[in-house]
Structure formats: structure tokens, C-alpha cells
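The values are calculated or read from the model by the stated rules, or taken from the named source; none is laboratory data. Not measured: the values here are computed from a predicted model. For neighbour counting, all protein chains shown are included, and Cβ atoms are generated from backbone atoms with ideal geometry for every residue, glycine included. We work out accessible area using only protein heavy atoms, side chains counted, and drop any ligands, DNA or RNA first. Shrake-Rupley method; radii C 1.70, N 1.55, O 1.52, S 1.80 Å.
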Protein chains: 4
Amino acid sequence: MTNSLDELRYELALANRIIAHEGVLDGFGHVSVRHPHNPNRYLLARSRSPELIEPSDLLEFTLDSEPVTPPKGEMYGERVIHGCIYQARPDVTAVCHHHSHAVLPFCVTGVALEPVFHMGPVMGQVVPMWDSRDEFGDTDLMVVKPEEGRSLARALGPNWMVLMARHGATVAGRTLRELVFRTVYSHANAEIQLRAMAIGKIAPLNQAERQRAEPRQLQPRPMGRAWEYWTIRLQKAGGLPPRTGVPSAAKVKRAAKRASKARVKRSRR
Amino acid sequence: MTNSLDELRYELALANRIIAHEGVLDGFGHVSVRHPHNPNRYLLARSRSPELIEPSDLLEFTLDSEPVTPPKGEMYGERVIHGCIYQARPDVTAVCHHHSHAVLPFCVTGVALEPVFHMGPVMGQVVPMWDSRDEFGDTDLMVVKPEEGRSLARALGPNWMVLMARHGATVAGRTLRELVFRTVYSHANAEIQLRAMAIGKIAPLNQAERQRAEPRQLQPRPMGRAWEYWTIRLQKAGGLPPRTGVPSAAKVKRAAKRASKARVKRSRR
Amino acid sequence: MTNSLDELRYELALANRIIAHEGVLDGFGHVSVRHPHNPNRYLLARSRSPELIEPSDLLEFTLDSEPVTPPKGEMYGERVIHGCIYQARPDVTAVCHHHSHAVLPFCVTGVALEPVFHMGPVMGQVVPMWDSRDEFGDTDLMVVKPEEGRSLARALGPNWMVLMARHGATVAGRTLRELVFRTVYSHANAEIQLRAMAIGKIAPLNQAERQRAEPRQLQPRPMGRAWEYWTIRLQKAGGLPPRTGVPSAAKVKRAAKRASKARVKRSRR
Amino acid sequence: MTNSLDELRYELALANRIIAHEGVLDGFGHVSVRHPHNPNRYLLARSRSPELIEPSDLLEFTLDSEPVTPPKGEMYGERVIHGCIYQARPDVTAVCHHHSHAVLPFCVTGVALEPVFHMGPVMGQVVPMWDSRDEFGDTDLMVVKPEEGRSLARALGPNWMVLMARHGATVAGRTLRELVFRTVYSHANAEIQLRAMAIGKIAPLNQAERQRAEPRQLQPRPMGRAWEYWTIRLQKAGGLPPRTGVPSAAKVKRAAKRASKARVKRSRR
């Protein structure tokens, strides 16, 4: 049990760093995962930039976003985003809140973010927009009160991504890897849509295409392929999180090979 | 015979990595080459991100896109793109399927991709658009069935690049280096056209200019110059594929010198 | 006293390098800080590109922008920008003048730069525009005469950032870290506004939101988080300024830990 | 005499690499310099990508663009661009031909490139456009015949930069460093103008401002500051050209110091 929790903590640090290294997160934003042994807890870093997160930075929170043990460092102000989504959505295992420069133009103009290429539907069939003004009037735009977190979770509804007017976006996943995959490819879809709108009228996927493409792209094979790619890119940039007994390049390669073999076995069943 | 095949496998791994390193491919997409000794076979990697491909990842396929020997790893789902083009076009030796962020805006809006600068015609005189809806209705947009691959190959026709609505593009080449050259410079042309359309009405090359510029830019000299440049850029980034007896920097330099001398000899004849 | 001054000189070199490394400054532009022990003096580098500044490049100036001791090297031509703002604004401790490619489009078109996301108000409630033509007619656009510096300082008024038509921007801060934070995030806001205006009509923060968001984002916690992030990014790129007794990676980490603990103590009071 | 020629050859290799490293040149384009001891000769590399040029790649040409000694390698096809400008303009010492992605949108739309910020006038008061169609009809767009080179030189006239429709740009300088400075900052001006035109109507510098800003920015101080910056950036990326007795980091620093002292002396006279 300890081992799998240690592994998950390492993966969460890695997920933070991958999403930052791929240009979606900058000094702000955060990624969390539900506790693997207790669905009423989640893991989230102390207040630190995502690209710097180490496994030892991770804290355990209740779903009310209270720390289980008094933290040594400061905590993110907006952690209710995570807690409230875990409360509202038992099927969600991981959450990312970010301020991508590709997604923000949609949050600033109200233009709908729509799946424009085959990978786009990994962000879900529809991406709703939440505006803090609707329920809370003029705020500093931060989501820090439980009622604000609950309102955002309601706006997310059964979907996988919610835009936040004048602020950013929040993304959810059934697994940590699905979350990372959805976060990076919804950012890519936003970038492509922005560029397309600058030259003409966009023709997005229709409803049936969205419904067919979403599960297709969320299979283990494409997600595993991207995870290996992002991990090795991060490693080449010297950005892997530290580990007690830091993994050598050879170890990472062996692990990737094992993961790949496991996927093959699964897919052959 | 073994040696030239080994060399080609290394070059195919290198081609995958160059196209990714130059920003056209990301975690997805793939590059193949027809087997040098058997025109009814082609080489393509197991399911892996192009920037990570090693010679040992390469598998051999029939033109029906069946593996010649049972593969150890998973296979790309869309390999029929390659097989069907090799079937339809005996003059094609290499194929690349990608989702470039510069080309996708054209696939999303239906705006024609046109040669706007002297290098643009390397993508061919005309770049047709294929839409999966026309023959197959609402799909997940992936090209996985033989009839889908054949339909795409028909849309490509006698040209060298075909756009795929809401999906990406597929590029073909008479040689592997021509393919890489065409892929990178059609991406550059798309980038320039996007930027030009944001400030005014574009005035592309006329028909006669396209016909004259295409063969000019596809001569060995410009293609060799770019190949040396991209290879050394990749090498500086630590990204060359591994080799049994990995090539030292000195070896690469000597090889480049030999290639350069060979080009000189050819051009002096 | 010497130690704190040495530390500030190191921090000013670091601030120059961070702002350049984050893409706001290029070969030109400069960052200064008011002297910690004498409010009638400020520190600014000799004429050198910001990403190269070393503590030993820093010179001391009177508020009339005269060097306190004859400099060994050349001086920036536009240092009156700094001196005149320190004269007009006793609450200002640090100043940055830059030519960001995200901010310049606003200086070239006269379009108002407005806070479009929650971090935007760190640039202040309003960003005025100064045009050298209004008082000085046709110049070479450089701010080199005391009266030009004073005119710019008047245009800045009680605000924190002023755009300069056909030239760039000048940013002020209550502390050096606030200045860096404001400079980087006003650049981000400009980038997002540019991209948003390309796809639709922007809906910026309203007055009450701006007033609430500004102090919120200028708290020590977010500013400290970003500072740690930018410093480590710079360090990974081999770009930290030299120090007599250059700081080891371990020292930097210990210093970050101390800073973090200090922040926790402060926030717990 | 040998020494200064050796130094110039090194500087020309460096200039090629700087312009490429700053993103203006890619695999194509070239930079030349007039021979320091014989104004009827110029130095230009053999056919190779600019970021790879070594001093030993440089060849000597007559102003008719014939090699003075039979070259070991291939030659650039478009070298008449250089020769014809040196013939037409005795005041020109260095020439760069490029295909910058920021400048090409102007060559594709016919929109005028205008100085929009204080550095813009380093490209000259006016940037004319040359179209190969006007005199030569439908060509492959390459400038390879002497009459094509002479036509381009006539279009350049007394200016410092000429756009080439559907092709790129050619830039001239009184010195090699002025050329590099003009090339990089005209590219920056193009980038800013592109971004500004996407959000509103641009208001460029007026005639008097252009006339005052041009000589101001072409003084030794700003040009020397940028040169040091670009050289050290290139050095950090491992991209300095090789030298017989490759220069150590310490040597480069000492050379920069000497250059800086020399500038101080000059400016104190």
C-alpha cells in the first residue's frame, strides 16, 4: 500500500511538471489527485509553482479542503476548486486548474471553445462557461470560498472541462493520466481554433463525430504514447521530480518498457 | 544489402525525429518508408511518439498494412494511410501523416492552402482536401479501415499533399529526404499564409511560377543543405536516434562531409 | 548594512535577468532600484543588455540621473526615466523600462491595454498612454532630457504602468519583486488581450473586480511563488548572475526554503 | 593584414549564426561581407545553412559573383544578390538575404512594412518592394541571373532593405554589425506591426521621427550592446563558430571587455 501511494505521489509531481513543461501551466495553477485508498481525501501540493513540485511538497486534504495534518508550508488559496469537484463527482480522480494563454481568449470573449479536430473531443462534448459574477457579483475572481467551489462544480456538471470567465479553466479526469491528456489536448484545440478563426469560419466536429472521437482518443494506447513522450521530453530538459533514490535514465526506460508491455497485454485481451 | 537496410532504418528514425523537432509532429503522427528491396513492403514504427523512434522500433508491413511478423509492441491504428498510398502510387517512397498547428487551421475552415513564397510549391501545385464525411458519414475521424485509406489515397491523386478535414494532413515523397523537406516547408508555407491573411489579401504564386519553382527547390542541393541543418540541430539537442555503435559527433561530421562531396560530384557531372 | 546592499545588488542583477529570460526584455531596456539607505539615489547598470547584468555592472545615480562617481563604462541614454519617476513618486522603489512585443501593439495602435484576467489588475486600475509628440513634437522618441523624463512621470501619475506611443512601456513597483511581478504579468495580460481581440469582443474586468483583484494578487504569497519559479527557471538555463562566492544550487535551495518559511511566519501572524 | 582578415572571416561566420539563432534565417538565406582589402571582392560561404557556417566555409568572389579560386564545395545559387549590390552601392559593406516569417507576410500581401517603434527606422526611411514579375515575368522566383541581381539592386536604390514579392527580403549595411542589427530589428518591427494590425489601425513614426531615430539607433553604443548580447546568447547555446585555437569563454569575455573599453574611449572623444 505504501508503495502504490509513493508511486502516485511521484506521478502527481510528474503530472504537475509535464503540464507546465508543455506550456499550459506557468507559475500558477495546480494539479491534484484523489487519495487512492480513501475517496474522501485528495493530494495537492503546498503553495508552489507546478513545475517545481516534488513528492515531498504534497499534502493530504479532506474534501472540505482542510489539511489532514497541519502543513509546514503555505497552502494554495483556491484548493476548494479541487475539493468541491471531488465531492460533486465521485467519478473524478484528478483535477487541474490553469490559466493557459490559448484557453483564456475564450474566457475573455465568451466565444465557445469547440472541438475542431479529432483530438478536440477529449475535452468532452461541451465545455460550459462559469462566470463568478452570476452568483457572487464583483469579486477578486479567485475561487476560495466553499460556496464558490460548489458553484463552479455545478457549472462543470457532468462535463470534463469548465471555462472560468476572466480567469482560466478547470479540467477533470477519471485518472491522472487522462487528466493530463485532456488538459494538454484541450489547450491544443484552443490554439488551433484561435488560429483558424483568424482566417475564416470554423466548421467544428458535429455531435456524432464528437461522440465517436471522445472514447477513441481516451483509450490506453494514445494516452500511454503521449505520457511516454511528455515524460522523456521533461527528462531531457532535466525536469523530472526528485525521488528517494532518483531514477536513472535506464530505470525510466525499463519502466516505460514495462508500461508498454502491460498495455500490449491489456489490449490483446 | 543488410547495410543499406540498416542505414535506411536509421534514416527513418532520424526523419521521424527531425519532423518532430522542427515542430510539425507532436506526440502523434508517423513517418514511413517503402522497403528498399521489396516494393510491396513498407517500414513503420510500432505505436510510439515520432520524436522517440529508434531503429529497433521499426516494423515491416505488407501494403495491406499487415505486419510481416507478429509485432512485439502495439501498432499505429492509422497505418492504412501509408499502405494505401504505397498501393495507389508506385512513385511514392515515403509518407508522413501529421497534425501541424499551422496546417490544421486550413483543415478546420476549408480555406485553401496555397504556395505563397518560393518554397511553397514543394508541397505540389495543388493541395486537395479530403473529408471523411463525404464517403463515410459521421466517424471518429480516424483513418483505420482499408476503404478509408483508399479513399484518402484517391483524394491525394497525383499530388504530394492532402489536407484532411478536422484532422490533419498526409504528405508523400519520392524519397525520404524529399518527404521531410516537403513536410517542413509546407508547414512553413502554412504558417506564413496564416500570418499574411491576418493583415491583408494574399497574392500567391501563379501557375507558371509554381511549375518552375517546384523542381527548382526539389534539387539535391537545397534538400541536402536543409537535411544537414536539421540533423545538426537535432544532434545539438541530444536527439539523434541510437545506433548499434552510436555515431560520434566526429562520425556525423565525416558523413555530412562525404554526403556533401557526393553532391558536388553529382552536380558537376 | 554592506551585506543588505550587496544582496540588493545581486537581486537587481537577478531581476534584470528574470525579466529578460521571461521574454519581456531583449537586448534593450533596463531595471533599477532605489538605494536602500539613501532615497535620493538609485542603482542602475552601466549600458549593457539586461540578461547579462552582473552586480559589478551596477552604478549609483542621483535622482537627477548623474552618476555619483565617474563610471568606468558607458551609461544608458534613457536613465532619466528612472530618476524622474523616483523624484515624482516617493512610494516607488523600483522601475523597469521595456519594449515587449506583446505590449508594443497597444503603443502602436492606441488600443487601451485593459485587465482581461484576474492577474491583469497587478498592472494597476488604469494604464495611461504617453506620447512624446504632445509636448516635444517630432523627436527620435528616446527619453533622454530631464523634461522628457518629468513629462513621462506626470503621465504615469499615481498609476503603476505607462505606455509610450511608438516606443514601449515603463513600469514601477513598491518593491523590486513587485516590479518584476507586475512587469511579467502585464506582459501576459497584453498577450492574452491581443489573442482575444483576434477572435471577438473582449469583456474586461469591471472597476470593482479590478479594485479587489489588485491587492489580492500583490500579496507576498503569489509574488514569492512566482519569484522562486522564475529564479529556478533561470538557474536551469545557466543564467543566474555571478556572485563573489557564486551560490551553489544547494545554497539557492536553502535560501528559497528560508524565504518560504519567513512567508509562512508572516502569514500566520 | 592576415590577422584582420582572419578576424573578419570569424565575424562573418558569427554574423551568419547570430541572425539564424535570433530566428530570422532558417536553413536558407546567407550573409556576406565585402573584402576588407579589395573592394572588388566579397566573402560568402559555400552552399550551407547559415547557423552551421565556419570560417573555413567562406569563399572569395568577384563582384560578378565568380569564385576567385575554384571552390571545393557547391555555391549558393543566389549569390548575384550580393555581387550586384556591392557593384551598385560602394557604401555597402555587408549584405543579408533572408526569408523571415515575420517579414514574408508583407511580401505576400503587398502591405507596406513601416517603422512602428523607435527601433524601426534602423531599416531605413522607406522599404521598397521588388517583384520579379515586373521585369522577368513568370520565373521560379530565384535571383540567379546577373540581370535579376541588378534589377533587385536598382529596386533597393539608396535604401537599406528591399522586400521581394513572394520570396523574402535583402538587407544591406555599412558594416557587418550594422547589417546584423538592421536585420534583427527590421524583423522585430515586422513582428510588432503584424501583431498591431491584428488589433487596430497602426500609427507609424512620421517622417521627422524616422529621420531622427535612424542615426540615433545606429550609433556604436546600441549596436555594440546588442552584439555582445547576441554573441553570449549564441555561446550559451553552444553555437559559436569554431576557431583555429577555439576561443575559451574567458577569451570571449576579455574580447568583449576590450570592445567595451574601446567604445568608451571613442564615445569620450
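Do we find that C:Tyr10 is more than 23 Å from C:Ser100 (Cβ to Cβ), touching a helix residue (DSSP H, G or I) at 6+ places or on another chain (Cβ under 8 Å) and in contact (Cβ under 8 Å) with a residue 12 or more places away in the chain in this structure?
Considered against the rule, which asks whether it is more than 23 Å from C:Ser100 (Cβ to Cβ), touching a helix residue (DSSP H, G or I) at 6+ places or on another chain (Cβ under 8 Å) and in contact (Cβ under 8 Å) with a residue 12 or more places away in the chain, C:Tyr10 comes out as yes.
Within region C:30-51, can one find any residue that is farther than 22 Å from D:Glu228 by Cβ, charged (D, E, K, R) and in contact with an Asp or Glu (Cβ under 8 Å, 6 or more places away or on another chain)?
yes
Condition check: closer than 25 Å to D:Arg17 by Cα and open to solvent by 40 Å² or more (accessible area, probe 1.4 Å). Does D:Val126 satisfy that? Show your work before the answer.
On the way: closer than 25 Å to D:Arg17 by Cα: no; open to solvent by 40 Å² or more (accessible area, probe 1.4 Å): yes.
Here the answer is no, as D:Val126 does not meet what is asked.
Among the listed residues A:Gly157, A:Gly124, A:Gly173, A:Gly168, identify the single one that is over 15 Å from the mean Cα position of the chain (by Cα) and of a type in the set (Gly, Ala, Ser). Can you show your working first?
On the way: A:Gly124 fails: over 15 Å from the mean Cα position of the chain (by Cα); A:Gly173 fails: over 15 Å from the mean Cα position of the chain (by Cα); A:Gly168 fails: over 15 Å from the mean Cα position of the chain (by Cα).
It is A:Gly157.
With under 17 Å from C:Ile18 (Cβ atoms), open to solvent by less than 20 Å² (accessible area, probe 1.4 Å) and modelled with pLDDT of 95 or more as the only criterion, which of C:Leu234, C:Leu240, C:Leu194 stands out?
Sole residue among the options that is under 17 Å from C:Ile18 (Cβ atoms), open to solvent by less than 20 Å² (accessible area, probe 1.4 Å) and modelled with pLDDT of 95 or more: C:Leu234.
Starting from region D:109-132, take each residue that is among the charged types (D, E, K, R) and list its partners that are outside any loop (DSSP other than H, G, I, E, B), counting only C-beta distances under 7 angstrom and pairs at least six apart or across chains.
From region D:109-132, the pairs are D:Glu114/D:Gln193.
Can you say whether A:Leu43 is open to solvent by 20 Å² or more (accessible area, probe 1.4 Å), among the hydrophobic types (A, V, I, L, M, F, W, C) and touching a helix residue (DSSP H, G or I) at 6+ places or on another chain (Cβ under 9 Å), as far as the supplied structure shows?
So A:Leu43 does not fit the description; no.
Find the helices (runs of 4 or more DSSP H) located wholly in region D:168-242 whose residues include 1 or more that are away from chain C (no Cβ under 13 Å) and closer than 18 Å to D:Val116 by Cα, and list them.
D:176-197
Scan the helices (runs of 4 or more DSSP H) fully inside region A:43-154 and keep the ones with 1 or more residues being within 14 Å of chain C (Cβ to nearest Cβ) and in contact with a Pro (Cβ under 9 Å, 6 or more places away or on another chain). Break it down into steps so the answer makes sense when it comes.
Values: elements: A:80-88, A:104-109, A:132-136.
Correct list: A:104-109.
Residues of region A:51-78 being within 21 Å of A:Val180 (Cβ to Cβ), open to solvent by less than 30 Å² (accessible area, probe 1.4 Å) and touching a strand residue (DSSP E or B) at 6+ places or on another chain (Cβ under 6 Å), which ones?
A:Ile53, A:Asp57, A:Leu58, A:Phe61, A:Tyr76 - these are the residues of region A:51-78 that are within 21 Å of A:Val180 (Cβ to Cβ), open to solvent by less than 30 Å² (accessible area, probe 1.4 Å) and touching a strand residue (DSSP E or B) at 6+ places or on another chain (Cβ under 6 Å).
Can you tell me which residues in region A:15-40 are in a helix (DSSP H, G or I), surrounded by 24 or more Cβ atoms within 10 Å (Cβ to Cβ) and not aliphatic (A, V, I, L, M)?
Selection gives A:Asn16, A:Arg17.
What number of residues within region B:155-184 are β-branched (Val, Ile, Thr), over 18 Å from B:Arg34 (Cα atoms) and open to solvent by 10 Å² or more (accessible area, probe 1.4 Å)?
The total comes to 1.
In region A:161-217, what residues are among the hydroxyl-bearing types (Ser, Thr, Tyr) and under 23 Å from A:Thr231 (Cβ atoms)? Quick ask: steps written out before the conclusion?
If we filter region A:161-217 for residues that are among the hydroxyl-bearing types (Ser, Thr, Tyr), which is where we start, we get A:170, A:175, A:183, A:185-186.
A:Thr175, A:Thr183, A:Tyr185, A:Ser186 - these are the residues of region A:161-217 that are among the hydroxyl-bearing types (Ser, Thr, Tyr) and under 23 Å from A:Thr231 (Cβ atoms).
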